[in-house]
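Novice: My structure is below; once you've seen it, I'll send some questions.
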Amino acid sequence: MPPVSTLQAPETDAPEGADCPAGSDFAPLLREVKEHGLFKRRPGYYAAAITLNLAALGAVWSGVLMLGGSWLVLLLALPAAVFGARTAFFGHDAGHQQIARSRDRNRLIGLVHADLLLGMSYGWWNDKHNRHHANPNHIEKDPDVEVGALVWTRAQAVERQGFARFLTRHQARLFFPMLLLEGIALKVSSFQSLKSRPARERGVEGALLTAHLVGYVSLLLIAMPVGQAIAFALLHHALFGLHLGSAFAPNHKGMEMPEPGSRWGHLRRQVLTSRNVRGGLVTDWFLGGLNYQIEHHLFPNLPRPHLRLTQPLVREHCARLGVRYTETGLLDSYAQALSHMHAVGAPLRDAAPVS
């Protein structure tokens, strides 16, 4: 990973879609995107996409009810996970105010898609995700690079002890297998987060999360025997976690990480820490538009179908400024992310075993 230079600029992010100081690197790009009308909402696109996704989910779960009792029902865990990930992407877009003009309507869309349909807390995830957007890859400010099951710097790695030390030593090869647990981990974290939410939000989200859990368990037990239901639920959540993790993994892992105390402007903070993934409509669909990670981070409330249209403007602007714009293929993005994780664990592999 190349060294991080210190770039003097205000620490605060530009508000989404708002004007920046006239002299900033970001201001001309923001004006250009506005002039192209790319901040305009796309209610027709989202209405059609959400309707199609709900119809697909309905068809999959109808198939579960019809095939329950046969082990062939396990085949439906894959489309259930795939369309569940689409549901999560709509919750993500609502959290960024991309879908509706009203914050309340976006929140309603997010609550339905995240809490009710997936059993994931919209408020908890949205708060965490917005902190990530404000300071991506910043070791002290981005919750996505905090110490957890995985670590992201050598300084974090050398502090690991016991089983955590083993995980870090082998985290590159364990990354994708660990994603198989992410679907369940997201639901557990969602319930755990309720105690820290404001009382009103706790009541609403607690009710929706409970409704999802009761509905999900009831549907499976109505459709199939207990053992088969457990097998389906485990496979479904494993594939869902793998899919979501595979969509988010290429975005920042292995990109620059601002040092504590660094002061980067909005443009460099978002562009240098993000990686785009090349591809066509299939890649756009599979990754929920997150393959345009640079554009998404620069303009978080830009409607998803406009990210592709914004990309040439951003790329040309970065070229004029001499700011490195990173774009790669999907498999190469995984290779770069895994290479970074492998390098982070190197001190533990090189050190003598700890008794």
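The values are calculated or read from the model by the stated rules, or taken from the named source; none is laboratory data. Being a predicted model, the structure only gives us computed values, none of them experimental. Cβ: placed from backbone, ideal geometry, glycine included. Neighbour counts: every protein chain shown. In case anyone asks, the SASA skips ligands and DNA or RNA and just uses the protein heavy atoms, side chains included. Shrake-Rupley method; radii C 1.70, N 1.55, O 1.52, S 1.80 Å.
Novice: How large is the Kirkwood hydrodynamic radius of the chain, in angstrom, based on all distinct alpha carbon pairs? If you can, show how the numbers build up before the last one.
Specialist: Details: mean 1/r = 0.0462 Å⁻¹.
Computed over the chain, the radius equals 21.6 Å.
Novice: If you don't mind, there's one more thing I want to ask. Just to be sure I understand: if I project the alpha-carbon convex hull of the stretch 204-355 onto a plane and average over all orientations, what area do I get in nm²?
Specialist: Details: hull surface 61.3 nm².
For the Cα atoms of the stretch 204-355, the hull's average projected area reads 15.3 nm².
Novice: Quick one: 3J(HN,Hα) in Hz for the stretch 305-318, Karplus 6.51/-1.76/1.60 with θ = phi - 60°, rounded, Gly and Pro as x.
Specialist: Karplus-based 3J(HN,Hα) across the stretch 305-318 equals x, 8, 4, 4, 6, 7, 3, x, 5, 5, 4, 5, 5, 5 Hz.
Novice: Would you mind computing Rg(Cα) / (2.2 N^0.38 Å) for the stretch 95-153, counting N as its residues?
Specialist: 1.31
Novice: What residues qualify as long-range amide H neighbours of Thr328, i.e. H under 5 Å apart, gap of 5 or more or another chain, H built at 1.01 Å from N?
Specialist: Asn276, Val277, Arg278
Novice: Let me test this: with uniform point scatterers at the alpha carbons of the stretch 242-307, what is the Debye-based log₁₀ I(q)/I(0) at q = 0.12, 0.15, 0.20, 0.27 1/Å?
Specialist: So the normalised log intensities are -0.32, -0.49, -0.81, -1.22.
Novice: Can you figure out the FRET efficiency of Ser246 with Glu35, using R₀ = 41 Å and their beta-carbon distance, to the nearest 0.05?
Specialist: 0.70
Novice: Please list 221-234, 250-263 highest first by mean number of surrounding beta-carbon atoms within 10 Å per residue.
Specialist: 250-263, 221-234
Novice: Just the number please: accessible area per residue for the chain, 1.4 Å probe, all protein chains included, in Å².
Specialist: I get 46 Å² per residue for the chain.
Novice: In the structure displayed, which of Lys40/Lys187; Lys40/Lys253; Lys128/Lys187 lie more than 22 Å apart, Cα to Cα?
Specialist: Long pairs (Cα-Cα over 22 Å): Lys40/Lys187; Lys40/Lys253.
Novice: Any chance you could run the full-extension gain for His129 through Val282? It's 0.36 nm times the residue separation minus the Cα-Cα distance, nm to one decimal.
Specialist: Going from the current span to full extension adds 52.6 nm.
Novice: Right, next: Quick check: convex hull over the Cα atoms of the stretch 227-274, volume per residue in Å³, rounded to an integer?
Specialist: About 93 Å³ per residue, rounded to a whole number.
Novice: Pull up the cross-link candidates among the aspartates and glutamates for Lys141, meaning alpha carbon to alpha carbon under 20 Å and not fewer than 8 places away within one chain.
Specialist: Filter leaves Glu11, Asp13, Glu16, Asp127, Glu159, Glu256, Glu259.
Novice: Separate question: Top mean-square fluctuation among Gly245, Gly68, Gly183, Gaussian network model of the chain, C-alpha springs under 10 Å?
Specialist: Of Gly245, Gly68, Gly183, the most mobile in the Gaussian network model is Gly68.
Novice: Quick one: what are the phi-derived ³J(HN,Hα) couplings along the stretch 324-332, Karplus 6.51/-1.76/1.60 with θ = phi - 60°, whole Hz, x for glycine and proline?
Specialist: Each residue of the stretch 324-332 in turn: 5, 10, 9, 9, 8, x, 4, 5, 5 Hz.
Novice: Another one. If you roll a 1.4 Å probe over the chain with all protein chains in place, what percent of the accessible area is carbon or sulfur?
Specialist: Whole-percent figure for carbon plus sulfur exposure: 64.
Novice: Here's another thing I want to ask about it. Output the direction-averaged projected area (hull surface divided by four) of the convex hull of the alpha-carbon atoms of the stretch 53-211, in nm².
Specialist: Details: hull surface 47.3 nm².
Convex hull of Cα atoms, orientation-averaged projection: 11.8 nm².
Novice: Looking only at Leu302, Leu186, Leu72, which one moves most when the chain is put into a Gaussian network model with springs between Cα atoms under 10 Å?
Specialist: In this elastic network of the chain, the residue with the biggest mean-square fluctuation among Leu302, Leu186, Leu72 is Leu72.
Novice: Select from Leu235, Leu307, Leu281 the residue whose mean-square fluctuation is largest in a Gaussian network model of the chain (Cα-Cα springs shorter than 10 Å).
Specialist: Leu281
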